[in-house]
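Everything on this sheet refers to the single structure shown next.
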Amino acid sequence: MFYLGVDVSKKNLDCMLLDSTTGKVKSKSIPNTNAGFRQLLEWLAKNKAPNANVVMEPTGVYHEPAALALTDAGLMLSLVNPAQLRQFAQGLGVKTKTDKADSTVLARYGATQQPRAWQPPSKSARRLKALLARRDAVADDLQRERNRQEAIDFGQSPEEVKKSIAQSIAFLDAELQRLEQMIEEHIDSDPDLRNKKDLLETVPGVGERVSSNLTALFAAKTFNSAEQLAAYLGLVPVQWESGSSVRGRPRMSKAGPAQLRKLLYMPAVVARRWNPHIKAFGDRLLAKGKTKMAVIGACMRKLAHLCFGVVHTGKPYDPNYALQA
């Protein structure tokens with residue numbers, strides 16, 4: 001069996017092909033481009049490893065084109081948590097930090113740990129994710145321009161500057177509305193996305209923006225439990241204790257996508273008042289002496305649990321379901 005470790009950078013893919021039967025390895029560096037992906041597939045075929053299992057680390061946007069191209073070509077690909085990979089490398093006694101060494105560790109990790117295959121998101125889910133990312137970027141730019149407009153109202157800025165900012169705001173506002181319309185039409189055109197979004201919006205506290213982003217997340221990733229979703233979003237508490245002297249307060253792990261956590265904050269505040277499950281949950285925590293911020297964090301986690309529940313069961317939110325629990 002062949003395992004291909006791929007160390008990803010912006011410009012290159014450093015690859016190490018491991019034959020788990022003989023232990024022999026071969027290395028190759030290719031451009032991180034579509035032409036480079038084709039070159040890699042040809043190199044694998046030449047080395048009689050057209051069905052090699054590919055192992056790589058997720059590195060922001062840089063790994064995505066390669067991962068999609070290789071899975072579209074029929075290869076099994078696994079994405080490895082960088083923290084797990086570092087621990088594995090330490091266990092092997094690998095102290096060298098080079099692209100070649102990293103790709104070798106990835107190949108050996110695949111051969112010994114047999115990581116599960118990554119399931120690529122559908123093209124529809126990919127498009128929704130890209131539209132939402134663009135929508136958020138334009139919304140951020142619009143808010144910055146509005147902040148500038150508010151600031152110059154208190155100063156003596158030239159009229160040309162005021163006009164420029166006003167024109168920028170008008171353009172960004174129109175672009176934001178256009179993107180939101182595109183997102184809505186795209187979701188409406190896909191029955192699966194539409195169903196997920198409709199289910200999410202039955203949860204009190206979940207509005208249009210949160211439902212769209214969580215719809216994209218559920219369409220792109222598979223979660224087996226509500227706890228797994230909360231862990232991915234970085235909403236699980238982390239203990240801070242050591243020996244008999246260190247007794248820090250538990251903190252939110254914040255290990256997942258910061259943008260989604262940011263989006264869940266205000267919905268959790270609203271749900272704290274209007275969602276019967278979250279209201280009862282928050283009241284119990286306050287009665288135990290938890291701080292208000294700790295309660296909000298716990299309510300964010302509870303809201304994520306409820307979102308998982310409606311999508312997983314395919315049933316709308318039921319305010320009376322296990323409310324006494």
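Please go through (1) surrounded by 14 or more Cβ atoms within 10 Å (Cβ to Cβ); (2) not assigned by TED's automatic domain parsing to the domain that holds Leu70 for Glu159 and return the number of the only condition it doesn't satisfy.
The failed condition is (1).
Checking the condition within 16 Å of the chain's Cα centre (by Cα) and farther than 21 Å from Ser27 by Cβ, which residue from Arg134, Arg144 passes?
That would be Arg134, the only listed residue that is within 16 Å of the chain's Cα centre (by Cα) and farther than 21 Å from Ser27 by Cβ.
Look at Asp14 and say whether it is within 24 Å of Pro257 (Cβ to Cβ) and among the charged types (D, E, K, R).
No: the conditions fail for Asp14.
I need the full set of residues from the stretch 229-284 which are at pLDDT below 90, farther than 22 Å from Ala139 by Cα and surrounded by 12 or more Cβ atoms within 10 Å (Cβ to Cβ), in order please.
Selection gives Val236, Pro237, Val238, Pro250, Arg251, Met252, Ser253, Lys254, Ala255.
Quick grid of which residues meet (1) under 24 Å from Ala258 (Cβ atoms); (2) in contact (Cβ under 8 Å) with a residue 12 or more places away in the chain:
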residue: Ser168; (1), (2): no, yes
residue: Leu200; (1), (2): yes, yes
residue: Val203; (1), (2): yes, yes
residue: Asn213; (1), (2): yes, yes
residue: Phe218; (1), (2): yes, yes
residue: Phe223; (1), (2): yes, yes
residue: Gln228; (1), (2): yes, no
residue: Ala231; (1), (2): yes, yes
residue: Gly234; (1), (2): yes, yes
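Assuming Pro115 fulfils every condition listed in (1) over 23 Å from Phe308 (Cβ atoms); (2) at pLDDT 95 or above apart from one, which condition is it?
For Pro115, the exception is condition (2).
Can you list the strands (runs of 3 or more DSSP E) lying wholly within the stretch 1-116 that have 2 or more residues being closer than 29 Å to Arg127 by Cβ, without any contact (Cβ under 8 Å) to a residue 40 or more places away in the chain and touching a Cys at 6+ places or on another chain (Cβ under 6 Å)?
Result: empty, no element qualifies.
The values are calculated or read from the model by the stated rules, or taken from the named source; none is laboratory data. No experiment lies behind these values; they were computed from the predicted model shown. Don't worry about glycine lacking a Cβ; one is built from the backbone with ideal geometry, like all the others, and counts go over all protein chains shown.
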